[in-house]
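Student: Encoded as structure tokens, here's the structure I'll be asking about.
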Amino acid sequence: MGTLVIDIETASPFEEPPENSNDTQYFELFAVSLAYADDLNDTPETEVLFRSGDWDDRYTIDLYERLFAWCNNRSVDRLLTYNGAWFDGTHLLNWARDIDETADRDFSARTEALFENHVDVALAAADEYEAELWDDQHILPDWKVYDLVGIDNDSVWYDDYDLPDSYLSGIDGEAVQGKHIGQALGDTYVQNIDAGIEHTSVHTELTQLLKDYCLSDVADLIDLYTALGGSRLDDTYRRTAADIT
């Protein structure tokens, strides 16, 4: 039974979203991280698909087409996400519907098909470790769950990469976080592509940092799903497109 993992990274190049907002109008699709295994015991194959141009819709369409092409070459029976019922699924479905209306594609149906057998591992982790939730939390950070389960999911540290201070201006913390991509790194990457400097050493270093971070979000999720109960989670934590929207 083939298992696919999807995680998206977004950027907010035009307007910073209000605190705790999940409104798609504030987000642009920057990257899609993927993992796939034919069997839960197999080492998954992984891929990161980055945006290949500016923030024009044609590059969002290109990302969707590459995503579907990658998935179509594999026998996907189950999709795993971490908090995808709230974030990844919501935005992928909303963008797909917008594209269908403006560009005459069939992305909505294809995205809904991907989420037909979708299991949100974050929901299972929140139930398993309910005592670890703060009063205002519904979902635990994935790094904390990996620690609780005992899976080595390494953080990605800025000190391990040779980036100029200008690239990290305004970024708080020593480890890469998804919000850093949304606030700065994603737009910097796209500006580099748009400026035609993607072959420079600094952009190569930025790409490696982003790739390592994106892969860390998907590479171990199958192991986490297995540790929390594996296929026993499928019915309870299944969230289809209809559940998400």
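Student: Can you compute the charge dipole magnitude of the chain about its Cα centre, using +1 on each Lys and Arg Cβ and -1 on each Asp and Glu Cβ, nothing else charged? Give it in debye, rounded to the nearest 20. Mind showing how you got there, number by number?
Tutor: Values: 14 positive and 54 negative charges, 127 e Å.
Charge dipole, the chain, about its Cα centre: 600 debye, nearest 20.
Student: Report ³J(HN,Hα) in whole Hz for each residue of region 12-29, in order, from the Karplus equation J = 6.51 cos²θ - 1.76 cosθ + 1.60 where θ = phi - 60°; Gly and Pro get x.
Tutor: Each residue's phi maps through the Karplus curve to give 10, x, 9, 7, 5, x, x, 4, 6, 7, 10, 6, 4, 4, 8, 10, 10, 6 Hz.
Student: If you place +1 on the Cβ of every Lys and Arg, -1 on the Cβ of every Asp and Glu, and leave all else neutral, what size is the dipole of region 54-137 about its Cα centre, to the nearest 20 Debye?
Tutor: Working: 7 positive and 21 negative charges, 103 e Å.
In total the dipole reaches around 500 debye.
Student: What relative contact order, as a whole-number percentage, does region 3-244 give when Cα pairs under 8 Å and 6 or more residues apart are counted? Could you put the intermediate results ahead of the total?
Tutor: Details: 337 pairs, mean separation 67.9, N = 242.
Relative contact order, region 3-244: 28 percent.
Student: How do 216-225, 191-200, 72-81 rank on mean C-beta neighbours within 10 Å, highest first?
Tutor: Values: 216-225: 22.0, 191-200: 12.9, 72-81: 16.9.
Highest-to-lowest ranking by the protection proxy: 216-225, 72-81, 191-200.
Student: As a check on your grasp of the helix formula, calculate [θ] at 222 nm for the chain: sum -39500 (n - 2.57) over DSSP H runs of n ≥ 4, divide by the residue count, round to the nearest 500. Could you put the intermediate results ahead of the total?
Tutor: On the way: 9 runs with 96 residues, N = 245.
That calculation yields -11500 deg cm²/dmol at 222 nm.
Student: Here's a follow-up. Would you calculate the separation in nanometres between label points at Arg74 and Asn41, each defined as 7 Å from the Cα along the Cα-to-beta-carbon direction?
Tutor: 2.0
Student: Please compute the length gained on full extension between Ala103 and Asp62, using 0.36 nm multiplied by the number of residues separating them and subtracting their Cα-Cα distance. Could the numbers behind the result be given before it?
Tutor: Numbers: separation 41, 0.36 × 41 = 14.76 nm, distance 1.20 nm.
Fully extending the segment from Ala103 to Asp62 adds 13.6 nm.
Student: OK, next. Could you pull out every residue, at least 5 positions away or on a different chain, whose amide H is within less than 5 Å of the one on Tyr237? Hs are placed 1.01 Å off N in the peptide plane, and Pro or chain starts have none.
Tutor: Here the answer is none, since no amide H 5 or more places off falls under 5 Å of that of Tyr237.
Student: What's the exposure ranking of Trp55, Trp95, going from fewest to most Cβ atoms within 10 Å? Display every interim value, and only then the final one.
Tutor: Values: Trp55 18, Trp95 24.
Placing the least packed residue first, the sequence is Trp55, Trp95.
Student: Something else: Using a Förster radius of 30 Å, what is the FRET efficiency between Ser166 and Glu132 based on their Cβ-Cβ separation? Nearest 0.05, please.
Tutor: On the way: r = 38 Å, r/R0 = 1.26.
Efficiency for this residue pair is about 0.20.
Student: Summing Lys, Arg as +1 and Asp, Glu as -1, what charge do residues with Cβ under 13 Å from the Cβ of Asn20 carry, Asn20 excluded?
Tutor: Details: positive: Lys179; negative: Glu16, Glu19, Asp23, Asp136.
With Lys, Arg at +1 and Asp, Glu at -1, the net is -3.
Student: Going by amide H atoms built from the backbone, whose H comes under 5 Å of the H on Leu79, apart from near neighbours?
Tutor: Hits under the 5 Å cutoff: Leu4, Asn117, His118, Val119.
Student: Helix check for the chain. Which DSSP H runs span at least 18 Å along their own axis by Cα, with a mean Kyte-Doolittle hydropathy no less than -1.0? Could the numbers behind the result be given before it?
Tutor: Values: long enough: 57-72 (22 Å, -0.50); 88-103 (22 Å, -0.76); 201-218 (26 Å, 0.04).
The answer, listed by residue number, is 57-72, 88-103, 201-218.
Read-outs: derived from the displayed coordinates by stated rules, not from any lab. Owing to the predicted nature of the structure, the values given are computational and were not obtained by experimental measurement. Using ideal geometry, Cβ is built from the backbone for each residue, glycine included, and neighbour counts are taken over all protein chains shown.
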